[in-house]
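Just below is one structure, and these are the notes that go with it.
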Amino acid sequence: MKTSSGLPWSVGEPVGPLVGGDRITADSGTVHRHIYPATGQVNATVTLAGAAEMDRAVGCAREAQRQWMALTVDVRRDRLIDLADVIGEHRDELAALNVADYAVPISFAGTALLLERFLRHFAGYVDKPHGASTPVNGSFDMNLVEREPYGVVGVIAPWNGSLAVAGSCVAPALAAGNAVVFKPSELAPLAALRFGELCLLAGLPPGLVNVVPSAAEGGDALVRHPGVGKIHFTGGGATARTVIKAAADNLTPVVAELGGKSASIVFADADLDRAASLSAHQGPLMQAGQSCACASRILVHASVYDDFVEEFLAVVNSARIGDPTDPAVTLGPVISQPAVERILGVIDEAVRTSAGELLTGGRRLGGELAQGYYLEPTVFGNTDNSSSLAQLETFGPVVSVIRFGDDSEAVRIANDSVYGLNAFIQTRDLHRAHRVAQSLEAGSVWINTFSDIAPQGPYGGYKQSGFGRTGGVDGMYEFMRIKNVRIGLG
Ligand code: TXE
C-alpha cells in the first residue's frame with residue numbers, strides 16, 4: 001500500500017528497525033525525522049537502533065545463521081536466487097525509496113539492479129568448492145583446507161549507497177553462510193529497511209538479515225559486540241578510524257571501503273568529446289559529486305587543455321537540475337544543510353587562496369529550489385594539486401581541472417594523494433593505457449569507461465581509501481575464515 005508520498009510508510013508512522021523478522025520499536029535509540037534533501041521537508045520518521053536493539057539483532061542473527069547453515073547448499077543457493085527475483089520485481093519501488101532517502105535523481109537511482117546482479121552472482125558461489133585437500137610432508141595423512149563463515153557479520157553502509165552495499169556486502173556474506181546485522185546510515189534508512197522486508201518475502205529465515213538504522217551510538221555498539229565475527233565498513237576515513245579502534249577491543253577484523261579523490265586523466269590523443277562527457281558524468285554530475293567513485297580531479301594534457309575545458313564546461317552546464325523524481329533531471333541536491341555549508345566553505349577557501357580559477361558554479365541555487373540543498377556544479381581550472389581543494393575529499397559537485405605536460409607528470413600528480421580508490425584513463429594508445437594503469441596507486445582503474453561496478457571484479461582502495469575488497473571471489477572470501485584439518489592416517 002502506498003501513501004501520498006509514494007512511500008510504503010506514512011510520515012507520521014514511525015519506521016523502526018527490522019530485527020528477527022519483526023519491526024521493533026527502538027526504545028534505546030532516538031527518533032530520526034528524515035529530511036528529504038530536495039525540499040528540506042520531513043518525509044519519514046525513523047526510530048534509530050541503540051545498543052539494546054543491536055544486541056537483540058545479533059542474538060536473532062546467531063539463531064538464524066544456524067537455520068541457514070542447516071540448509072544444503074542447493075537450497076541456500078536457490079533462496080538467494082529467489083531474493084534476486086524479488087528484488088527485480090521491486091526495482092521501481094526500491095528506486096523510489098533511494099530517491100526518498102537521499103534525493104538521488106531517479107535516472108541514477110537504479111542500484112536495485114546492481115543489488116540483483118550481485119545476488120545472482122554470489123548465489124552462484126554457494127554450491128561451488130571453496131576448500132582444498134593437500135598432501136603433507138613425510139606422511140600419508142589427509143590435510144583439508146576448509147573455508148567457513150564467521151557466523152554473524154556486521155555491515156555498515158554510508159547514506160549514498162545502502163542498496164549498493166547490500167549487494168556488494170550482504171549478498172556475499174549470505175552466500176558465505178553468515179547472518180547479517182545491516183546498519184544503514186541514519187540519513188538513508190528507507191530503501192535498506194524495505195530490502196530487509198524483501199528478504200523475508202523471498203523466504204530467507206527471519207533474522208538472517210536484520211536492518212538496524214542508527215547513528216554513531218548504534219554503530220559503535222554493533223562494532224563492539226562480541227557476537228560479531230567481522231565488520232564490513234563503508235564510509236569516510238574519519239569514521240573508519242573510530243570503527244577500527246572500537247573493533248580492536250575484541251580484535252574484530254574490519255574491511256574498510258572509504259573515500260577517494262580520484263583522477264580522470266585526459267591524454268592528448270583522447271576522444272575529447274567522450275572524455276568531456278565521461279569526466280562530467282563521473283565527476284560533478286555523479287550523485288552531485290557525492291560518490292566515492294567521483295572523478296574529482298581531472299588531469300588534462302596541456303596541448304588539449306583549452307579545447308577540453310570548453311567541451312567539459314558545456315556538458316557540466318547542460319545538466320538538468322531539479323526534482324529528483326523527474327526522469328529528465330540529472331543533478332539533484334546534496335544530502336543536507338550541513339553539507340551545503342561545508343561545500344560552500346570549500347569553494348570559498350579555494351577562491352580565497354587562489355587554489356584554482358573558478359570557471360563555473362560556486363553558489364547555492366535559489367528560486368523554486370531554495371528549500372532544497374541544491375548547489376551549482378562547480379569547476380575550478382588550473383588547480384594547484386597541493387591545495388586542500390585538490391587533496392581533500394569534497395563529496396559535492398565540485399571538481400578541479402589540472403594541467404600536465406607528459407605521461408610521467410600525469411602519473412605523479414594522480415598519485416600525489418593520500419587516497420587511491422579509482423583512476424580513469426582517457427587515451428587511444430593501448431601501450432600508454434597499460435603503462436599508466438600499472439603506475440597508478442589506485443584499487444580500480446577504468447580505461448575509456450565509467451566506474452560501472454560489476455560483481456565479477458574486486459573493488460576497493462589503496463592507501464587511505466581503505467583495505468579489503470568487495471566483488472568477485474575476493475569479496476566472497478572476505479566473509480569466510482580458513483580452517484586447516486589434518487586427519488591422521490598413520
Ligand atoms: O560516511 P560516514 P557517510 C564514503 C565516501 C564518504 C562517505 C560518505 O567517500 O567519505 O562514505 O558517507 C556510521 N561506529 N563512501 O557520510 O559519516 C554512519 O551511521 C560505527 C565510500 O555516510 O563515515 C554510517 O552508517 N558506525 C564507499 C556509516 O558509519 C558509525 C562508497 C558511514 O558514515 C560510527 C560510498 C561509529 N562510531 C561512500 N559513526 C566505497 N569506497 O565504496 C558513524 N557511523
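The values are calculated or read from the model by the stated rules, or taken from the named source; none is laboratory data. Computed from a predicted model, the values in this text were never measured in an experiment. Cβ sites come from the backbone with ideal geometry, for glycine too, and all protein chains shown count toward neighbours.
When region 443-480 is limited to residues that are closer than 17 Å to ALA173 by Cβ and among the aromatic types (Phe, Trp, Tyr), the one that is nearest to the ligand (Cβ to nearest atom) turns out to be TYR459. When region 218-236 is limited to residues that are more than 8 Å from the ligand (Cβ to nearest atom) and within 19 Å of the chain's Cα centre (by Cα), the one that is nearest to PHE467 (Cα to Cα) turns out to be HIS232.
Would you check which residues across region 56-86 are small (Gly, Ala, Ser) and within 18 Å of ASN210 (Cβ to Cβ) and list them? Write out each step before concluding.
Here is the first cut: in region 56-86, the residues small (Gly, Ala, Ser) are 57, 59, 61, 64, 70, 84.
The answer is ALA57, GLY59, ALA61, ALA64.
Within 16 Å of the ligand (Cβ to nearest atom) and not hydrophobic (A, V, I, L, M, F, W, C): is that true of GLY488 in this structure?
Numbers: within 16 Å of the ligand (Cβ to nearest atom): no; not hydrophobic (A, V, I, L, M, F, W, C): yes.
Taking the combined requirement at face value, the residue does not satisfy it.
Does region 134-154 include one or more residues that are assigned to a loop (DSSP other than H, G, I, E, B), crowded, with 20+ Cβ neighbours inside 10 Å, among the aromatic types (Phe, Trp, Tyr) and at pLDDT 95 or above? Looking through region 134-154, at least one residue is assigned to a loop (DSSP other than H, G, I, E, B), crowded, with 20+ Cβ neighbours inside 10 Å, among the aromatic types (Phe, Trp, Tyr) and at pLDDT 95 or above. Screening ASP452 against (1) at pLDDT below 95; (2) farther than 25 Å from ASP271 by Cβ; (3) of a type in the set (Asp, Glu) leaves a single unmet condition, (2).
Quick grid of which residues meet (1) under 21 Å from TRP159 (Cα atoms); (2) in contact with a strand residue (DSSP E or B) (Cβ under 6 Å, 6 or more places away or on another chain):
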{"position": "ASP323", "(1), (2)": "yes, no"}
{"position": "GLY332", "(1), (2)": "yes, no"}
{"position": "SER336", "(1), (2)": "yes, no"}
{"position": "ARG352", "(1), (2)": "no, no"}
{"position": "GLY366", "(1), (2)": "no, no"}
{"position": "ASN382", "(1), (2)": "no, yes"}
{"position": "VAL398", "(1), (2)": "yes, yes"}
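Take the conditions near the ligand (Cβ under 10 Å from one of its atoms), β-branched (Val, Ile, Thr) and at pLDDT 95 or above and apply them to THR239. Does it pass? It is true that THR239 is near the ligand (Cβ under 10 Å from one of its atoms), β-branched (Val, Ile, Thr) and at pLDDT 95 or above. Would you be able to say whether some residue in region 296-313 is touching an Asp or Glu at 6+ places or on another chain (Cβ under 9 Å), closer than 21 Å to TRP159 by Cβ and assigned to a loop (DSSP other than H, G, I, E, B)? Yes: one or more hits. Only a single criterion out of (1) within 13 Å of the ligand (Cβ to nearest atom); (2) surrounded by fewer than 15 Cβ atoms within 10 Å (Cβ to Cβ) is not satisfied by TYR419, namely (2). Test VAL42 against the stated conditions and say whether it is farther than 21 Å from TYR150 by Cβ and either among the small types (Gly, Ala, Ser) or not in a helix (DSSP H, G or I) (or both). Spelling it out, VAL42 is indeed farther than 21 Å from TYR150 by Cβ and either among the small types (Gly, Ala, Ser) or not in a helix (DSSP H, G or I) (or both). Restricting attention to region 181-208, the residues being outside any helix (DSSP H, G or I), within 16 Å of the ligand (Cβ to nearest atom) and aliphatic (A, V, I, L, M) number 3.
Just one of the listed residues (ALA319, ALA328) is part of a loop (DSSP other than H, G, I, E, B), more than 30 Å from GLY50 (Cβ to Cβ) and either touching a strand residue (DSSP E or B) at 6+ places or on another chain (Cβ under 8 Å) or not assigned by TED's automatic domain parsing to the domain that holds GLN426 (or both), and it is ALA319. With respect to the conditions (1) surrounded by 17 or more Cβ atoms within 10 Å (Cβ to Cβ); (2) small (Gly, Ala, Ser); (3) touching a His at 6+ places or on another chain (Cβ under 9 Å), GLY405 falls short on a single one, namely (1). Residues being in contact (Cβ under 8 Å) with a residue 60 or more places away in the chain, surrounded by 14 or more Cβ atoms within 10 Å (Cβ to Cβ) and of a type in the set (D, E, K, R) are entirely absent from region 309-321.
Of the residues SER388, SER336, the single one that is within 26 Å of ILE453 (Cβ to Cβ) and within 16 Å of the ligand (Cβ to nearest atom) is SER336.
With PRO129, PRO158 as the choices, which residue is part of a loop (DSSP other than H, G, I, E, B) and within 16 Å of the ligand (Cβ to nearest atom)?
Numbers: PRO129 fails: within 16 Å of the ligand (Cβ to nearest atom).
Just a single option satisfies the conditions, and that option is PRO158.
For ALA103, state whether it is among the hydrophobic types (A, V, I, L, M, F, W, C) and at positive phi. Considered against the rule, which asks whether it is among the hydrophobic types (A, V, I, L, M, F, W, C) and at positive phi, ALA103 comes out as yes.
When the criteria are applied in full, LEU48 fails the requirement of being out of contact with any Ser or Thr (no Cβ under 8 Å at 6 or more places or on another chain) and surrounded by 21 or more Cβ atoms within 10 Å (Cβ to Cβ). Counting only helices (runs of 4 or more DSSP H) that fall entirely inside region 387-490 and contain at least 2 residues that are assigned by TED's automatic domain parsing to the domain that holds ASN137 and of a type in the set (A, V, I, L, M), the qualifying elements are 472-477.
A Cβ distance below 7 Å, combined with a sequence gap of six or more or placement on separate chains, defines the contacts here; from region 246-272, residues that are over 30 Å from ASP406 (Cα atoms) reach residues that are away from the ligand (no atom under 13 Å from the Cβ) in the pairs ASN250/PRO226; THR252/LYS230; PRO253/LYS230; VAL255/GLU478. Restricting attention to region 242-266 and to residues that are more than 8 Å from the ligand (Cβ to nearest atom) and assigned to a loop (DSSP other than H, G, I, E, B), the residue that is surrounded by the fewest Cβ atoms within 10 Å (Cβ to Cβ) turns out to be LEU251.
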